[in-house]
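Novice: Shown below is the structure under consideration.
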Amino acid sequence: MTRVQTADGLFGPLRRAAGAWNRFWFNPADPTTLGLIRICGGLLVLYLHIAYTYDLQAIFGSHAWVDTQMMDEFRKEYPVPAPPVGWQNSSSVTPPQTSEDEHYAEKWGINPSLLLGKGRTYLCSIWFHLTDPTWMLVVHCAVLAIMFCFAIGFCTRVMAVLTWAAMLSYVQRGPATLFGMDAMTMIVILYLTIGPSGAALSVDRLITRYWLARRARRQHLPTPSFGPPEPSVSANVAIRLLQIHFCIIYFISGLSKLQGGAWWNGTAVWLTMANYEFSPMRMKLYMDALRFIAARRWLWELVTTGGTYFTLAFEISFPFLIWTRWGRPLIIASAVFMHLGIAFCMGLVTFSMVMLTGVLSFVPPEVVRGLLDRLGQSLRSLTRRQIAPGPEKARAIMMAQGRSF
Amino acid sequence: MAGWSCLQLRRLIALPRSVGESEMASDTSVADSSSARIFSNPWPAMLLGLGAAGISVLVYRTTGTVLVPFLLLGLLSAGVAIAIRPQSPAVLGLGAVTGFTVCFALLPSWDSIRMFMVVLSATAAVAAVLMSLPRTLRRIAFSLIIVFHLGGILSSAFSQPPAPALAQWAWTYVYRPYLEFMYLTNAYHFYSPEPGPGDLVWFYIKFEDGSAEWFKIPRREDNSLAVEYQRRLSLTQAVNGLMAPQLPEEVRKRRQLAIATEGIPGHPLIDPVTQYRVPSALSKEMLRSFARHVTYTKAHATEPPRKVSSVKVYRLQHQFLQPQELADGIDPDSLWLYFAYYQGEYDTNGNLLDPEDPLLWWMIPIVKTDSADGPVVMDYLTQHAEQQKAPKKAQDPINNPGIKAIPGSHDDKAPKL
């Protein structure tokens, strides 16, 4: 064996792994899918923040549910326990030394000597500092305008960062009103900020095309051709991050459920379907359906156990099957099915929409372009039919007007 | 249509070598005229940004006035410059300088805004360094950043109890600042270990003129948008953090005495240890904040404002019906399905009026029992809130004939606490 062959044998696997990593993360990718995610995510974010308009003072004002006083305590006093790095026993813990420490221990239920720090100091929000109701409304309206521009893809690079920063302000100030949807939305917007989400399906692209065509006409040059958007490495990085992150989300969500008995005995889905605060149990049709199912043990077992195990199977298998040729359509269809069920049975419509927006990252850009082309063709043919009547109708019109062919 | 659908399905299945790679992807750019930019010169915007930031610092340092429009103009212009040429180390570096400059024009109390600007500027500075590296080194650096980021996501996911020490150490000692700043702290343990019952918070607000009213969250009819309603559901979770169940003997004895003095028995079917649930420290502080909010809002709901004297707070859990119970026709909104816990009476400043109240943190029962006229719901919650002498009784709707009534807890035969 030669020295070169030996070296290849030693470093071959490493080189191949590095090559695979490089291809996975740094190959340029068509940003069309990213553009579609931007539209869906941007519109969702816009809706969520329009909904905040009614609750601006109740959630972010100085007398909000979590008011300024509570928020200051949270930012400056909330205990951050230090998990012990060595083996410790109770005799090594120092009791509170000062009256201030005693007061803190009584208030927060923990000895200050056990803390790494006090306060959630890394939170940032404009609403910590701006509490005048009028100016809050002005800033909020400006934020809505920014989010609208982001959704339609106008000045996308700047609007993406501003949208993310604005969202951060809202979530960091309203911690008690957040739920899973907010976490997912922040993730989607974060990765849209990293990638060129305005490179496709955006007003920016339309403006650029118009400008270039106009410039060509002025210079008496042929109109430039406009193909698909240029692939870029940052688009690929953004898409990959979104994909990997959603794989982690589904996998952890599925694994964590295995701690619960209701997920093992197949009754967990019933606990969501029959949750009065979440499900549409006030709707007669839903209640009738629920009673119909509940009255037949075999049907109830089928529905709840089937739904429970389907959820587990889908979530746990997601990060494995989504990368395979045959598994991907199945997993995407399962995601749509599961989230439609969550939207209907639990009322979590916006949460489901955000999750499906993230799952969009697994749809290849060619499929997106094909769907959009098809939609465009359908719209064009519909428009042509409306503008130009068919031959028989045209004949009838002409005869009515006393004209001949 | 079917043919087209098959074609799209084949495209979906027929993955390129790696997902996300388009059929036109290559290391060389594809000729696409629309990739040309309208604006190609970032320097006017960058100079404007630097100038505006510099002026705002100068004015603040000399007069103490914060020129917010100039600050915004400076940041926006620098952002536009970076957007025009995002891969230029010089532009990124000057963008970082602009951001750091702005920090010197902020009021000391705007600590979180300053922190945000520092982070943003530092990010631009790091990006400037990375963009000046050769491509291979740059990719190695980005790869390390990606690994660090994904490691943080995983540390969040695995640091939820029961958590391994390694995950807790990573989260607390390494990732906490990054994840908290970016709001990436979710552990994704959705409906884990099990989906729980719905939580509600009811407030009984007492006014100085002697009147009183109930205010309950969440209520669908109060919220026109579903997301508003769901945010109120989240609010109820904020006061649902509980300490591990334990019942000190002194507390049990005080509660036993209160049966006679207050006329509120314990729930006949629930273990006394489970009837006494003390909120966590954070939930207690949230309760105080909620009390302040409700008293302020109710006081200012009318013109002129009404004076609120105090508010009693109750945390409720709405129990599930079993399938057989639902099939038998029981109303899922029956009052006796609500388990109510008294969270105290607070003044308008959120101070607990009586920390020694024998019923504080205890369940206030709503039970169904037999009477001569049929099943009756004994509502001790309303009795407690409105300080009545006897529980409010209501005929239980007749659509649940198959259920045995709960043994009366209002008589001597009730189990002792």
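Nothing in this text is a laboratory measurement; each read-out follows from the coordinates by a stated rule. Only a predicted model underlies this, so the values are computations on that prediction, with no experimental measurement involved. Positions of Cβ are backbone-derived with ideal geometry, glycine not excepted, and every protein chain shown enters the neighbour counts.
Novice: Between B:GLU325, B:GLU221, B:GLU345, which gets the highest mean-square fluctuation from a Gaussian network model of chain B, Cα cutoff 10 Å?
Specialist: B:GLU221
Novice: Find how much the distance from B:LEU353 to B:SER132 grows on full extension, using 0.36 nm per residue of separation minus their present alpha carbon separation; answer in nm with one decimal.
Specialist: That pair, B:LEU353 and B:SER132, stretches by 73.2 nm at full extension.
Novice: For helix A:133-152, what angle does its Cα long axis make with the longest principal axis of chain A, in degrees from 0 to 90 and rounded to 10?
Specialist: The angle comes out near 50 degrees.
Novice: Something else about it: How do the peptides B:109-121, A:348-360, A:274-286 rank, highest first, by the average count of neighbouring beta carbon atoms within 10 Å per residue?
Specialist: So the peptides B:109-121, A:348-360, A:274-286, ranked by packing, come out A:348-360, B:109-121, A:274-286.
Novice: Set Lys and Arg Cβ to +1 and Asp and Glu Cβ to -1, take the dipole of the protein assembly as shown about its Cα centre, and tell me which of A:TYR210, B:LEU73, A:MET283 lies farthest positive.
Specialist: Value computed over the given set: A:TYR210.
Novice: Measure nothing but the geometry: give the 0 to 90° angle between the long axis through the Cα atoms of A:3-26 and the longest principal axis through the Cα atoms of chain A, rounded to 10°.
Specialist: Relative to chain A, helix A:3-26 is tipped by roughly 80 degrees.
Novice: Same structure, new question: What residue among B:GLN343, A:SER62, B:PRO89 has its Cα farthest toward the positive end of the dipole of the protein assembly as shown, where the charges are +1 on Lys, Arg and -1 on Asp, Glu, each on the Cβ?
Specialist: Farthest towards the positive end: B:PRO89.
Novice: Using the crude model of +1 on Lys and Arg Cβ and -1 on Asp and Glu Cβ, and no other charge, please compute the dipole size for the protein assembly as shown relative to its Cα centre, in debye to 20.
Specialist: 3800 debye
Novice: Count charges around B:PRO358 for me, please; just the other residues with Cβ under 11 Å from its Cβ, Lys/Arg as +1, Asp/Glu as -1.
Specialist: Taking every Cβ under 11 Å from that of B:PRO358, the sum is -1.
Novice: For the pairs B:LYS284/B:LYS368; B:LYS284/B:LYS392; B:LYS368/B:LYS392, note any where the Cα-Cα span goes beyond 22 Å.
Specialist: Violating the 22 Å Cα-Cα cut-off are B:LYS284/B:LYS368; B:LYS284/B:LYS392.
Novice: Can you give the FRET efficiency for B:PHE39 and A:LEU379, using 1/(1 + (r/R0)^6), R0 = 25 Å, r = Cβ-Cβ distance, to the nearest 0.05?
Specialist: Efficiency at R0 = 25 Å is approximately 0.20.
Novice: So, one more: How much FRET efficiency would the formula 1/(1 + (r/R0)^6) give for A:LEU330 and A:ASP101, where r is the Cβ-Cβ distance and R0 is 51 Å, rounded to 0.05?
Specialist: 0.30
Novice: I would also like to ask the following. Taking R0 as 30 Å, what's the FRET efficiency between A:ARG23 and A:SER225 from their Cβ-Cβ distance, rounded to 0.05?
Specialist: That gives a FRET efficiency of 0.55.
Novice: Under a 5 Å amide H to amide H cut-off, with H placed in plane at 1.01 Å, what residues pair with B:SER310 once short-range neighbours are removed?
Specialist: B:LYS206
Novice: Does segment B:167-276 classify as rounded, prolate or oblate by the C-alpha gyration tensor (a ≥ b ≥ c root eigenvalues; a/c under 1.5 gives rounded; else a/b over b/c gives prolate, otherwise oblate)?
Specialist: oblate
Novice: Which residues among segment A:252-281 fall inside the zone where the amide N is under 17 Å from a point 7 Å beyond the Cα of B:GLU221, along Cα→Cβ?
Specialist: A:277, A:281
Novice: Would you list the membrane-span-like helices of chain B, meaning whole DSSP H runs whose alpha-carbon atoms span at least 18 Å along their axis and whose mean Kyte-Doolittle value is at least -0.5?
Specialist: Once both thresholds are applied, what remains is B:43-63, B:68-84, B:89-103, B:111-131, B:135-158, B:281-299.
Novice: Given the options B:SER40, B:SER334, B:SER159, state which has the largest fluctuation in a GNM of chain B using a 10 Å cut-off (strictly under) for Cα springs.
Specialist: B:SER40
Novice: Need the C-alpha centroid separation for segment B:121-140 versus segment A:289-317, integer Å.
Specialist: About 52 Å separates the Cα centre of segment B:121-140 from the one of segment A:289-317.
Novice: Another question about this same structure. Please work out the Cα center distance from segment A:218-258 to segment A:80-143, rounded to the nearest Å.
Specialist: Between the Cα centre of segment A:218-258 and that of segment A:80-143, the gap is 38 Å.
Novice: Report the charge-dipole magnitude of segment A:249-363 in Debye, nearest 20, computed about the Cα centre from +1 at each Lys and Arg Cβ and -1 at each Asp and Glu Cβ.
Specialist: 180 debye
Novice: Further, regarding this structure: How far is it, in nm, from the label point at B:HIS189 to the one at B:LEU166 when both lie 7 Å from their Cα along the line to the Cβ?
Specialist: Inter-label distance under the simple model: 1.9 nm.
Novice: Next question. For B:THR369, enumerate residues with amide H under 5 Å from its amide H, sequence gap 5+ or separate chain, H modeled in the peptide plane.
Specialist: B:VAL376, B:VAL377, B:MET378, B:ILE406
Novice: Could you give the size of the charge dipole of segment B:230-287 about its Cα centre, using +1 on the Cβ of each K and R and -1 on the Cβ of each D and E, expressed in debye and rounded to the nearest 20?
Specialist: The dipole of segment B:230-287 has a size of about 180 debye.
Novice: Projecting each Cα onto the charge dipole of chain B (Lys/Arg +1, Asp/Glu -1 at the beta carbon, about the Cα centre), which of B:ASN41, B:LEU150, B:SER224 comes out farthest on the positive side?
Specialist: Positive-end residue among those listed: B:ASN41.
Novice: Which whole-number percent gives the relative contact order of chain B, counting Cα pairs below 8 Å spaced six or more residues apart?
Specialist: 10 percent
Novice: What is segment B:40-131 by shape, rounded, prolate or oblate, if you read a ≥ b ≥ c off the alpha carbon gyration tensor as root eigenvalues and call it rounded for a/c under 1.5, prolate for a/b larger than b/c, and oblate otherwise?
Specialist: It comes out oblate by the Cα gyration axes.
Novice: Name the most mobile residue of B:THR274, B:THR348, B:THR63, meaning the one with the largest mean-square fluctuation, in a Gaussian network model of chain B with Cα contacts below 10 Å.
Specialist: Per the Cα network of chain B with a 10 Å cutoff, B:THR63 tops the list.
Novice: Got a sec to turn the phi values of segment B:350-361 into Karplus ³J(HN,Hα) couplings, 6.51 cos²θ - 1.76 cosθ + 1.60 with θ = phi - 60°, whole Hz, x for Gly and Pro?
Specialist: Per-residue couplings from phi come out as x, 8, 5, 6, 9, x, 9, 3, x, 9, 5, 6 Hz.
Novice: Sticking with this structure for a sec: Can you bin the protein assembly as shown into rounded, prolate or oblate? Criterion: square roots of the alpha carbon gyration tensor eigenvalues sorted a ≥ b ≥ c, rounded for a/c under 1.5, prolate for a/b above b/c, oblate for the rest.
Specialist: Prolate.
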